[in-house]
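This report refers to the structure that appears directly beneath it.
The values are calculated or read from the model by the stated rules, or taken from the named source; none is laboratory data. Remember, it's a predicted structure, so these values are computed and weren't measured experimentally. Neighbour counts are summed over all protein chains in view; Cβ atoms, including those assigned to glycine, are modelled from backbone coordinates with ideal geometry.
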Amino acid sequence: MTFAPSKPFPLVFGLDTFGDVTYDEDGRPLTHAQTIRNLVEQGVLADQVGIDFFGIGEHHTDDFPLSAADVVLAAIAARASRIHVGSAVTVLSSDDPVRVFQRYSTLDAISGGRAEVILGRGSSIDSFPLFGYDLADYEDLFEEKTNLFAELMEGGPVTWQGKTRAALHNQDVVPHVESGAFPVWIGVGGSPQSVIRAAHYGFSLMLAIIGGSPARFAPFSELYRQALESFGRAPLPIGVHSPGHVAPTDEQARDEFWPYYLEVLRRYSRIRGFAIPTRESFLHEIGRRGALHVGSPETVAQKIAETLTSLGANRFDLKYGMGGLSQQALMTNIELYGTAVIPRVRELMAKSGAPELVTRP
């Protein structure tokens, strides 16, 4: 099944990273500090090669040392001229909505109106014990904090009361956003309730597809459109976030990505119950019916175009990087994505009759 959006939106192409620890050319892990400095260079290169968005996901572990993504994004924004920067995602459940709003409105000021935020409940739960939250309150925390964040995005003094934090009484929250409300997305990995929540608050939908067929998320796109209509809201963008790796050839991309993908999933299988991939399952995931976008620029472009079309989405964020890959491999991935993959996807979408091909302002 394919969808034609009821309202055309610009095609947008982004990169997301979890800030995986970078390795040197001899396969040795670099320090957290060097990994973060390398990440800034990656974001600057993304701007230079024409990528629309650069996002950093929040994590708090030894292999993902990006606990203050907004600080790194500010460093990138200060050196970049056009790229939008934002979270991918911010774990709102274990943060304070007022502080999230303040940090990203500050980022919006630094970047000249190029900040975005993607909010999530937190599929990685390491932040909950770190900040003293009870996982038993998982759903209530996200619902209440999303509600407060939506109030903050309306602008002006805020009056709000709930169970998860102190009430606000006609409180002016600063800094004010000079360019109007920045884009807010809800990241959804498989919950219909989260789709409806995004529509209820008027936030855009980001489908996080990390395994299986992307086409199985098509009902979520349709549910989102129906929910927006039922809430009396205008159509809003739909995005897709999926992992991948681009190299000059399919073989090189597979060979670079596979061993580190296997190791990361093997490690996290003990924590989060992931199935340990086999070579056969990996080859399936990088094929047409899998979620991994791994290959040459042509292979990855073909798959992205098919994913966008099948889901009626207008945005694709490639989650690049995997613990163990070198800085050079990551920089090559970024350059090829910006200079070869994105132009080819636009060409393919134009041939398929996509209703909107405007470059993002």
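Is it fair to say residue 30 is over 22 Å from the mean Cα position of the chain (by Cα), modelled with pLDDT of 90 or more and surrounded by 16 or more Cβ atoms within 10 Å (Cβ to Cβ)?
Numbers: over 22 Å from the mean Cα position of the chain (by Cα): yes; modelled with pLDDT of 90 or more: yes; surrounded by 16 or more Cβ atoms within 10 Å (Cβ to Cβ): yes.
Yes: the conditions hold for residue 30.
Specify which of the listed residues (96, 63) is closer than 20 Å to residue 176 by Cβ and at pLDDT below 95.
Details: 63 fails: closer than 20 Å to residue 176 by Cβ.
So the residue among 96, 63 that is closer than 20 Å to residue 176 by Cβ and at pLDDT below 95 is 96.
Scanning the stretch 225-266 for residues that are surrounded by 21 or more Cβ atoms within 10 Å (Cβ to Cβ), of a type in the set (Phe, Trp, Tyr) and over 10 Å from residue 294 (Cβ atoms) returns no hits. Does residue 49 meet the test of being modelled with pLDDT of 90 or more, farther than 27 Å from residue 304 by Cα and among the hydrophobic types (A, V, I, L, M, F, W, C)? So residue 49 does not fit the description; no. Residues in the stretch 109-153 that are modelled with pLDDT under 70, within 16 Å of residue 97 (Cα to Cα) and polar (S, T, N, Q): 127 alone.
Please work out if residue 144 is exposed (fewer than 14 other Cβ atoms within 10 Å of the Cβ), farther than 24 Å from residue 243 by Cβ and of a type in the set (Asp, Glu). Quick ask: steps written out before the conclusion?
Numbers: exposed (fewer than 14 other Cβ atoms within 10 Å of the Cβ): no; farther than 24 Å from residue 243 by Cβ: yes; of a type in the set (Asp, Glu): yes.
No: the conditions fail for residue 144.
The condition of being over 22 Å from residue 103 (Cα atoms), in contact (Cβ under 8 Å) with a residue 60 or more places away in the chain and in contact with a Ser or Thr (Cβ under 9 Å, 6 or more places away or on another chain) holds for only one of 55, 27, that being 27. Of all residues in the stretch 288-300 being in contact with a Gly (Cβ under 9 Å, 6 or more places away or on another chain) and not basic (Lys, Arg), which is farthest from residue 337 (Cα to Cα)? Result: 290. Scanning the stretch 78-120 for residues that are within 20 Å of residue 164 (Cβ to Cβ), free of Cβ contacts under 8 Å to residues at least 40 places away in the same chain and in a helix (DSSP H, G or I) yields a total of 2. Could we say that residue 222 is touching a residue at least 40 places away in the same chain (Cβ under 8 Å) and either among the basic types (Lys, Arg) or surrounded by 20 or more Cβ atoms within 10 Å (Cβ to Cβ) (or both) here? The answer is no for residue 222. Note on the stretch 19-71: residues that are on the phi < 0 side of the Ramachandran plot, part of a loop (DSSP other than H, G, I, E, B) and small (Gly, Ala, Ser) amount to 3. Within the option set 334, 271, 276, 304, being modelled with pLDDT under 95, closer than 26 Å to residue 118 by Cβ and either out of contact with any strand residue (DSSP E or B) (no Cβ under 7 Å at 6 or more places or on another chain) or outside any loop (DSSP other than H, G, I, E, B) (or both) holds for one residue only, 271.
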